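Just below is one structure, and these are the notes that go with it.
Bear in mind that the values in this text are calculations on the coordinates, not laboratory data. Since we're looking at a predicted model, the values are computed, not measured. Neighbour counts run over all protein chains shown; Cβ positions are idealised from the backbone, glycine included.
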Amino acid sequence: MSRSYKPWSPGQGFLLPLSPKDWLPEGHLVYFLLDVVDELDLSEIYDHYEKRRQGRAAYSPRMMTALLLYGYCVGVPSSRKIEHRTYEDLAFRVLTNDQHPDHSRINAFRKENLGALSRLFVQVLLLCQEAGLVRLGHVALDGSKFKANASKRKAMSYDRMVKEEERLQKLVEELLEKARLVDEAEDARFGAGNQDELPEDLRRAESRLEVIRNAKAALETQARQRKEEAEGVTPSSPEPSGEDDEDSPPPPAPELPSHKVQITKEGKPKPKSQRNFTDPESKIMKSSADGWVQAYNCQIVVDDEAQVIVAQAVTDQPPDCQHLRPLLDQVGENLGELPDKLSADSGYCSEANIHYAEDQLVTPYIATGRQRVDQRPTVTRGRPPSGLSQREKMARRLATKAGAAVYARRKAIVEPVFGQIKEARGLRRFLLRGLEKVRGEFGLIALTHNLLKLFRHRSPGPAWA
């Protein structure tokens, strides 16, 4: 051969020990995460392990935290896939220092510390604020439906549950009668006491009947509780005395809306009320991309400076309107101050939302209705006439040149964030089930989004992932 080639000997051992950090390029995401995890307060996670001194030695909580964060950053949230990557992916091997936690231990670490891990969101958000990535001049609010770890084919309406319960009850009775006749014939032929176990088709019918009855009973319990709440007499508030009472408790903070089953006048679930057998807390929702899906409604508030998520939440309520107030309050809780301007689409428009934002000295820019893409708004000038409602004032604000320019920024602030999460990282479906666990998992998704923003800010040049 006339051409020379670089030597390649896959079976040759290394003559000198190498540092694991020599295997990855400088400025890799793994090194950034190792540094950030050292800055985070993980005392809540460590306290959890300090209380459990028995058993074999645990993996380092810092290593396990960094491992999970890196997995979510690169779109690998599955514990089984993470375990495989610790063998096959160089970046994962460097991060774990060539340790290979079993997928069951990775999953257990996430489940046991899900609340503490999701609460790291605020710590990471404050790091972004210190780095100048959060200005709170203009924030945008939006929601997106994320698929639940359940199929909509495993959901059933209350009306169908009633019909299916009647059908299965008749089927079980018929199968029992058939089994009785078979038993009598076998007793006559072989003697008593030689019956086999229940037939397979009877066991399947009985187990399905039990599942449907439990789901039906759960819907009826929720309906009864809602009827009792509606009929209950709330304690009347004291008459105002005209003087400020310093000892009076502050008004309660608004809570995230939660699903309530629709009921009839008699206090029973409406026929179309549904319940999913796999994840009962998820609901069938309309997604702009996938149509009707079994999902949760994920809400985020994003800052204009660098698309950092400053507030996030997950609910089982499909409508967006009820989420503006609690999400705006969460921004204040997380950062100690509120934004100057807030933009949102027409799904959040209500007199109460506009009034509340203005009471908090936040200027809202909320669309009052849907607008066609090819339809250009009419620019309004001059002083607004008196007697306008909040919605009419808002429509006039958005019709001004300045207002239209502010609202036009909304789609460039918040909508790309969902694209970065769902498309770039492939995080479209939750792994966990149940509203509380899903909230914890979405907290991980949101904080790793912010970590990636901080990484690209701190590491100019090639963004090695």
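Using a Förster radius of 45 Å, what is the FRET efficiency between SER389 and THR264 based on their Cβ-Cβ separation? Nearest 0.05, please.
On the way: r = 34 Å, r/R0 = 0.75.
The value I calculate is 0.85.
Per-residue extension of 0.36 nm, minus the Cα-Cα distance of ARG429 and GLN225, leaves a gain of 70.3 nm for this segment.
With a cut-off of 17 Å, note down the residues of region 286-302 whose backbone N falls inside the zone around a label point 7 Å from the Cα of PHE277 toward its beta carbon. Counting only backbone N, you get 294.
If the chain linking GLU337 and LYS401 were pulled fully straight, counting 0.36 nm for each residue of separation and taking away their Cα-Cα distance, it would gain 20.3 nm. Using the Cβ-Cβ distance between LYS286 and ARG409 with R0 set to 30 Å, the FRET efficiency works out to roughly 0.70.
At 0.36 nm per residue, and after removing the present C-alpha to C-alpha distance, how many nm does the segment from ALA58 to LEU126 gain when stretched out fully? Before the final figure, lay out the partial values.
On the way: separation 68, 0.36 × 68 = 24.48 nm, distance 2.96 nm.
Full extension of this stretch gives 21.5 nm more.
In this simple spin-label model, placing a label point 7 Å from the Cα along the Cα-to-Cβ direction at both ARG3 and LYS51 gives a separation of 6.5 nm. Between ALA217 and ASP329, the modelled label-to-label distance comes to 3.6 nm, taking each label 7 Å out from Cα in the direction of the beta carbon. Once the C-beta distance of HIS355 and SER19 is scaled by a Förster radius of 56 Å, the resulting FRET efficiency is 0.40 to the nearest 0.05.
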